[in-house]
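Okay, structure first, notes after.
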Amino acid sequence: MDPSELQAIGDTLMRLVTPGMTPKELVKAVRRAHPQASKKDIARAAFHAIIANADEDLGKARNLQAFALAERTQQVE
């Protein structure tokens, strides 16, 4: 995945994530905008978005962190 796609998915994640949203709901919502994105791509974009936007919106960054960690942990199993 090229950096511009990663950035676009990260921007979508920042726009869509809300408190209490399950990882499954977030992946489904992101895939509506980015149907080619895999769960792994979405998790990578979430980490990227956390780093890029933590200073701007701490609440969304925390929600994305919870999502990204849950997805990375789930993929290892």
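The values are calculated or read from the model by the stated rules, or taken from the named source; none is laboratory data. Note that this is a predicted model, so its numbers are computed, not measured. Don't worry about glycine lacking a Cβ; one is built from the backbone with ideal geometry, like all the others, and counts go over all protein chains shown.
Structural remarks
- Within segment 2-22, the presence of at least one residue that is surrounded by 16 or more Cβ atoms within 10 Å (Cβ to Cβ), on the phi < 0 side of the Ramachandran plot, touching a His at 6+ places or on another chain (Cβ under 7 Å) and among the β-branched types (Val, Ile, Thr) is confirmed.
- All positions within segment 32-77 that are among the basic types (Lys, Arg) and over 10 Å from residue 13 (Cα atoms): 32, 39, 40, 44, 62, 72
- Considering residues of segment 40-60 that are in a helix (DSSP H, G or I) and charged (D, E, K, R) only, the residue modelled with the lowest pLDDT: 60
- When residue 32 is tested against (1) part of a helix (DSSP H, G or I); (2) at pLDDT below 90, just one condition goes unmet, and that condition is (2).
- Any hit, segment 23-32, residues being free of Cβ contacts under 8 Å to residues at least 12 places away in the same chain and farther than 19 Å from residue 5 by Cα: yes
- Some residue of segment 61-68 being surrounded by fewer than 19 Cβ atoms within 10 Å (Cβ to Cβ), modelled with pLDDT of 90 or more and closer than 18 Å to residue 6 by Cβ: no
- Residue check, residue 37 in contact with a Lys or Arg (Cβ under 7 Å, 6 or more places away or on another chain), buried (at least 18 other Cβ atoms within 10 Å of the Cβ) and not in a helix (DSSP H, G or I): yes
- Residues of segment 41-58 include at least one that is of a type in the set (A, V, I, L, M, F, W, C) and surrounded by fewer than 14 Cβ atoms within 10 Å (Cβ to Cβ).
- Selection from segment 1-22 of residues that are in a loop (DSSP other than H, G, I, E, B) and touching a residue at least 40 places away in the same chain (Cβ under 8 Å): 1, 17, 18, 19, 21
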